[in-house]
1. For the stretch 21-53, give me each residue that is crowded, with 21+ Cβ neighbours inside 10 Å and over 16 Å from the mean Cα position of the chain (by Cα).
2. Here is a list of conditions, (1) surrounded by 15 or more Cβ atoms within 10 Å (Cβ to Cβ); (2) not hydrophobic (A, V, I, L, M, F, W, C); (3) not in a helix (DSSP H, G or I), and Asp138 meets all of them except one; can you say which number that is?
3. Somewhere in the stretch 172-194, is a residue surrounded by 13 or more Cβ atoms within 10 Å (Cβ to Cβ), at pLDDT 90 or above, assigned to a loop (DSSP other than H, G, I, E, B) and outside the structural domain of Asp16 (by TED's automatic domain parsing)?
4. Can you tell me which residue within the stretch 14-42, out of those that are modelled with pLDDT under 90 and of a type in the set (D, E, K, R), is nearest to Ala141 (Cα to Cα)?
5. Taking the residues in the stretch 195-238 that are at pLDDT below 90 and of a type in the set (Lys, Arg) as candidates, determine which candidate is farthest from Leu27 (Cα to Cα).
Amino acid sequence: MREFAFTVTYEEDVDDLVDVFIRNPGLSSYTRSCHVTGNTMWRVDNVSGPQEALAEYDRALDRLSRCSSLRGIGGCEMDFEYETLESQPNGRVIYSRQSEGEGCRSIPYLAAEYLGDGLLLHAKQRGDAYRWQILAADDAAMSEVYEELERNLRDGLTLELDRVEHAPEWPDRDPTPTDLPAEQREAVELAVEYGYYEQPRQASLQEIASAEDIPTSTLQYRITQAEAWLAKAYLRDGTPPSNPAPLVSSSD
């Protein structure tokens, strides 16, 4: 398989929904599922951020009549509906459905149209950047998709090819405890059991190591390695790790 990645960067006051992300650097979104036919695109997105930013996002979404993922990159009117599947103080899960039509196509539609069925697509949005990753067959060529996007790029937007890779490390699932080496997982479990992560802290690493007859330096190393892995997994590519990358399906 081959991965294509590109980023659309927005200037302020070009797209109402993207402006919310620009004004709120702590706000981010990633795609959980995305499907497209000749008439419709529907998707599920995870949005996370501070409560004030999410409230502004909710208001902007309610007024939305153009979409940032459309050819013309937000310049087309569309039929749009959405539903909030889950609402938490610091996150939302949003289902949306929008029309496809001649002269106004989504990026997933264009990718499926030019590259064929069986694509995997991953999209992330933060600040002024909307980043797309497309996993396709080794013989796939993205040049026509790029050319189509560039032809319809509006003023205030730029398109940049990030990379083309063979056998990429695709962000295909959430990390799980079994992904950690056993000794690191056991060290984190001990730290939780003894209250190391409580506020206030109930035990120091030295106390835990003494109680479990483990060298303090060994426990400290394992905890540090585990925390580094968890942090990198959570903030992979600037957003929380995604659910399995969605299949983009296409039909006439």
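1. Val36, Met41
2. Going through the list (1) surrounded by 15 or more Cβ atoms within 10 Å (Cβ to Cβ); (2) not hydrophobic (A, V, I, L, M, F, W, C); (3) not in a helix (DSSP H, G or I), Asp138 breaks only (1).
3. Among the residues of the stretch 172-194, at least one is surrounded by 13 or more Cβ atoms within 10 Å (Cβ to Cβ), at pLDDT 90 or above, assigned to a loop (DSSP other than H, G, I, E, B) and outside the structural domain of Asp16 (by TED's automatic domain parsing), which makes the answer yes.
4. The selected residue is Arg32.
5. The selected residue is Lys232.
The values are calculated or read from the model by the stated rules, or taken from the named source; none is laboratory data. Predicted model, so just to flag it, every value in this text is computed and none were measured. Cβ: placed from backbone, ideal geometry, glycine included. Neighbour counts: every protein chain shown.
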